[in-house]
1. If one computes the Cα centroid of the stretch A:4-25 and of the stretch B:42-73, what distance in Å separates the two points?
2. What do you get for Rg/Rh of chain B when both radii come from the Cα atoms and Rh is the Kirkwood radius?
3. Rounded to the nearest 20 debye, what is the charge dipole size of the protein assembly as shown about its Cα centre when +1 sits on each Lys and Arg Cβ and -1 on each Asp and Glu Cβ?
4. Shielding by partners for A:104-113, please: the mean number of other protein chain Cβ atoms within 10 Å of each residue's Cβ.
5. If Lys and Arg each add +1 and Asp and Glu each add -1, what is the summed charge of the other residues whose beta carbon sits under 10 Å from the beta carbon of residue A:89?
6. To the nearest 20 Debye, how big is the dipole of chain B about its Cα centre, given +1 on the beta carbon of each Lys and Arg and -1 on that of each Asp and Glu?
7. Considering amide H positions built from the backbone, and no H for Pro or chain starts, which residues 5 or more places from residue A:13, or on another chain, come under 5 Å of its amide H?
8. Considering the options B:109, B:16, B:41, tell which one lies farthest towards the positive end of the dipole of the protein assembly as shown, charges being +1 on Lys and Arg and -1 on Asp and Glu at the Cβ, about the Cα centre.
Amino acid sequence: NAGVTQTPKFRVLKTGQSMTLLCAQDMNHEYMYWYRQDPGMGLRLIHYSVGEGTTAKGEVPDGYNVSRLKKQNFLLGLESAAPSQTSVYFCASSYRLTGTDYGYTFGSGTRLTVV
Amino acid sequence: EDQVTQSPEALRLQEGESSSLNCSYTVSGLRGLFWYRQDPGKGPEFLFTLYSAGEEKEKERLKATLTKKESFLHITAPKPEDSATYLCAVQAMSTDKLIFGTGTRLQVFP
């Protein structure tokens, strides 16, 4: 049981390049989330999904797009990377009733540097 | 606006020296308050969920408590392996999303 798997773990991009971060979960969770974590800012929600084929904006969605074509996968895309998108990105998943003792399950993160 | 503030930002303890971490919150109807542990280079790991004022939960040397305005994470006789960043998050009744605080970085030295 792998939980939440993120790929890649590290990436360096040049300004203007594009890339896709992949998140996969094997717990049959309905909800999936993308967060970014920056020093002194805490975890901030980028986009989230409440089910296959649905997505919604979070707190800091600008410059990112997402897709959830399959229940187990949630993709985060950067169309034209900017230095301000240098961060550690975390994917998480949860059951529909988040107010349970299970909380969110997080992946191990992707460290992205945009130069 | 829903908000979470954690204090202190950093805490250094000697092994065996008990202490508490604070999480103050403002939310429009609390569905749940969550505590997570995060080790360097890893994702947050779920510890507890608290739902209503007066509730307490324990796990090994950790005990979480909840009031209408704040939550405390009490660490009893900590060990070096308890060193980590502890994150607090709240979920409002009207949303499926968690709002996280910036965390308390705990160091326990022998």
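1. Using only Cα atoms to place each centre, the spacing works out to 33 Å.
2. Details: Rg = 13.4 Å, Rh = 13.9 Å.
My calculation puts Rg/Rh at 0.96.
3. 460 debye
4. 3
5. +3
6. Charge dipole of chain B: 80 debye, to the nearest 20.
7. When sequence neighbours closer than 5 places are left aside, the close amide H contacts are A:113, A:114, A:115.
8. After comparing all options, I get B:41.
Coordinate-derived values only; no laboratory data. The structure displayed is predicted, hence computed values, not measured ones. When we count neighbours, we look across all protein chains shown, and the Cβ atoms used for this are built from the backbone with ideal geometry, even at glycine.
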